[in-house]
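Structure first, then comments.
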Amino acid sequence: MNGTKSLKSNPVAQRIGLAAIGVLLMAGCASAPAPTDQMAVSRAAVSSAMSAGGNQFAPVQTRSALEKMEAAERAMASKDYEEARRLAEQAEVDAKLATEMAHSAKAKRAAEAVQEDTRILREELERRAK
Amino acid sequence: MQMNRYLPLSLIAAAVLAACSTVPAQNPTLDEARASYSRAQTNPDVVNLAPVELRRAGDSLGRADAALNKGESEATVNHLAYLAKQQVAIAEETAQRKTAERAITTASAQRDEVRLAARTAEVEASRQHAETTRQAAEQQAARDRAQIEAEKARAEETRRLAEEQAARDRALLA
């Protein structure tokens, strides 16, 4: 009883209490820190998708990645870090999918080109053999 | 009386809780992710050519399932399920890219083989042409030699006849 009374009247103890509350609040904020690393990773993934030809070979996925990245930047600006992380993570997978689609489309084209070359060469040979 | 008033309410609450515990939690995005993951798992190309990507998708799917079972927010479950679904698509694309790259290797080797065959055929053709030319030249030379021999023989015959004639003339004069 005496202790609580002295705590209420003691300004030092009050300050300590306020400081403790402040620390707790900061700890609360720390549970959703700014996803700075994820943002960087996602930006890099989106630019890879663009340079791989995502616009041409995977327009839907590339557009989705770009839009989510922009939304993530907006969420970062308004300090909505949980939303920013989610959007950035989705932008990253969308961008990676776009990149992989562009690569596989190019590889398919190259394979078809070589197969066509071989076919023409064979025909030419057969014609000469006759 | 007071207890009786609360009894139906608690029964309803109990029923709601029971419903929650027996009916498995549902999430359409997660169902979709599960379906595409099992489709990828039965595709030998994906299993063999994109094992790392497929495992990553499986991990995300596991996290989404765990979030659903822990009763986390729908947004969280949707988010994790979306990641899983896109990672399955990445694994499938990776498998397709690797299949195409293998096709390029195979087709390049075939093209080189055909090119080599073409060159070999060309070399053989020019060798045969040279051989034909050589044979023709030899035949011509043989014909030329025979002609020369024949002419020589004719000249010899003429000379012999002339000598015989001369001998006969000398005999007549003698």
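Taken together, the values in this text are just the output of simple stated rules run on the coordinates, not laboratory data. Quick caveat: nothing in here was measured; it's all calculated off a predicted structure. Positions of Cβ are backbone-derived with ideal geometry, glycine not excepted, and every protein chain shown enters the neighbour counts.
Quick notes on this structure:
- Taken over the range B:62-106, the residue count meeting the criterion of being within 7 Å of another protein chain (Cβ to nearest Cβ) and either under 29 Å from the mean Cα position of the chain (by Cα) or touching a residue at least 60 places away in the same chain (Cβ under 8 Å) (or both) is 12.
- Enumeration of residues in the range B:43-61 that are more than 12 Å from chain A (Cβ to nearest Cβ), surrounded by 15 or more Cβ atoms within 10 Å (Cβ to Cβ) and either in contact with a Leu (Cβ under 7 Å, 6 or more places away or on another chain) or part of a helix (DSSP H, G or I) (or both): B:Val46, B:Leu54, B:Gly58, B:Leu61
- Exactly one residue among B:Arg168, B:Arg97 is closer than 30 Å to A:Ala113 by Cβ and part of a helix (DSSP H, G or I), and that residue is B:Arg97.
- Looking across the range B:107-116, just one residue is within 7 Å of chain A (Cβ to nearest Cβ) and surrounded by fewer than 16 Cβ atoms within 10 Å (Cβ to Cβ), and that is B:Arg115.
- The single condition among (1) under 13 Å from the mean Cα position of the chain (by Cα); (2) not in a helix (DSSP H, G or I) that A:Ala49 does not meet is (2).
- Taking the range B:25-53 as the range and being under 28 Å from B:Ala75 (Cβ atoms), of a type in the set (A, V, I, L, M) and touching a residue at least 24 places away in the same chain (Cβ under 8 Å) as the test, the residues that pass are B:Ala25, B:Leu30, B:Ala33, B:Ala40.
- Flag if A:Arg122 is surrounded by fewer than 20 Cβ atoms within 10 Å (Cβ to Cβ), assigned to a helix (DSSP H, G or I) and either acidic (Asp, Glu) or more than 9 Å from chain B (Cβ to nearest Cβ) (or both): no
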